[in-house]
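Please read the structure below before turning to the comments.
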Amino acid sequence: MNDNSITFTSNIHFVDRKIYSKLVKKNSIGYWHNVSNILKADEFYTEGIRTCTGGGIVNPFKEAEGFHFWDDKTNEKNFAKIVNSLFRFVKNPQRALLVGSKELEGCPYSIKQFERFKKVFNERIKDVTLFERHRYENSQTHLHYSLNTDTWTIFSQYRKSDDGRCIQVKNLKNLRECFCHIKIADGDRLFIAGKEISPKDAPDIFD
């Protein structure tokens, strides 16, 4: 059977800090300019996605790479080179996940950078899952990917105010509060705290 005729799905699990911390063992991706922002590996993770854009592109069970890009002028200027690098390492990805960005004073490139990645990915990749624009100033996302199980494990948290409690995404309500726009790609399966969220549960966020 030709690989192109096979439909793969990716698993997306939102978990709490304790579960996430047990997974992050190797292949960290940073966002500073003096470290590697793109990593092709069978397992990787990146942390502290706030105004940045992070995620990965995947050929399930074959190859994957993760990335984390700071939203600054340097990356804006080098955007074409960044895209070329991404698709040089994984040439014809079937699936992708994008997370990040935030509307925050002093971060003029944040939303623009995410939207540029989204446009390129939607043009070149069939199935793209989006967790777009953290809703609150004090919010961030950490993610881990395993190629062996084709699973994204994500830990997101936010505060509604500076003096408010820190909320971890543990249910669908939290997920909706954390991000302004969510799109689960066709075929991807979403789990929150071990419970699967079906298209019937949230038809507006499934592609």
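Structural remarks
- Just one of the numbered conditions (1) under 18 Å from the mean Cα position of the chain (by Cα); (2) surrounded by fewer than 16 Cβ atoms within 10 Å (Cβ to Cβ) is not true of Asn92: (1).
- Residues of region 156-171 that are crowded, with 18+ Cβ neighbours inside 10 Å and not in a strand (DSSP E or B): Val169 alone.
- Residue match in region 126-145 (condition: out of contact with any Lys or Arg (no Cβ under 9 Å at 6 or more places or on another chain) and either farther than 21 Å from Asp16 by Cα or outside any strand (DSSP E or B) (or both)): no
- Positions within region 118-149 being buried (at least 16 other Cβ atoms within 10 Å of the Cβ), farther than 21 Å from Glu47 by Cβ and among the acidic types (Asp, Glu), in sequence order: Asp127
- Here Asn78, Asn27 are screened, and the one residue that is of a type in the set (S, T, N, Q), within 17 Å of Arg116 (Cα to Cα) and either surrounded by 12 or more Cβ atoms within 10 Å (Cβ to Cβ) or at pLDDT below 95 (or both) is Asn78.
- Residue that is nearest to Tyr31 (Cα to Cα), among those in region 95-112 that are hydrophobic (A, V, I, L, M, F, W, C), out of contact with any Phe, Trp or Tyr (no Cβ under 7 Å at 6 or more places or on another chain) and in contact (Cβ under 8 Å) with a residue 24 or more places away in the chain: Cys107
- Subset of region 90-117 [part of a helix (DSSP H, G or I) and within 25 Å of Phe155 (Cβ to Cβ)]: Ser110, Ile111, Gln113, Phe114, Glu115, Phe117
- Hits in region 172-207 - residues which are aromatic (Phe, Trp, Tyr) and either open to solvent by 70 Å² or more (accessible area, probe 1.4 Å) or closer than 9 Å to Phe14 by Cβ (or both): Phe191
- The residues of region 39-66 that are in contact with a helix residue (DSSP H, G or I) (Cβ under 6 Å, 6 or more places away or on another chain) and open to solvent by 10 Å² or more (accessible area, probe 1.4 Å), listed by number, are Lys40, Thr51.
The values are calculated or read from the model by the stated rules, or taken from the named source; none is laboratory data. Note that the structure is a prediction, hence the values are computed from the model and not measured. Cβ sites come from the backbone with ideal geometry, for glycine too, and all protein chains shown count toward neighbours. Note: accessible area is taken over every heavy atom of the protein model, side chains too, but ligands, DNA and RNA are not part of it. Shrake-Rupley method; radii C 1.70, N 1.55, O 1.52, S 1.80 Å.
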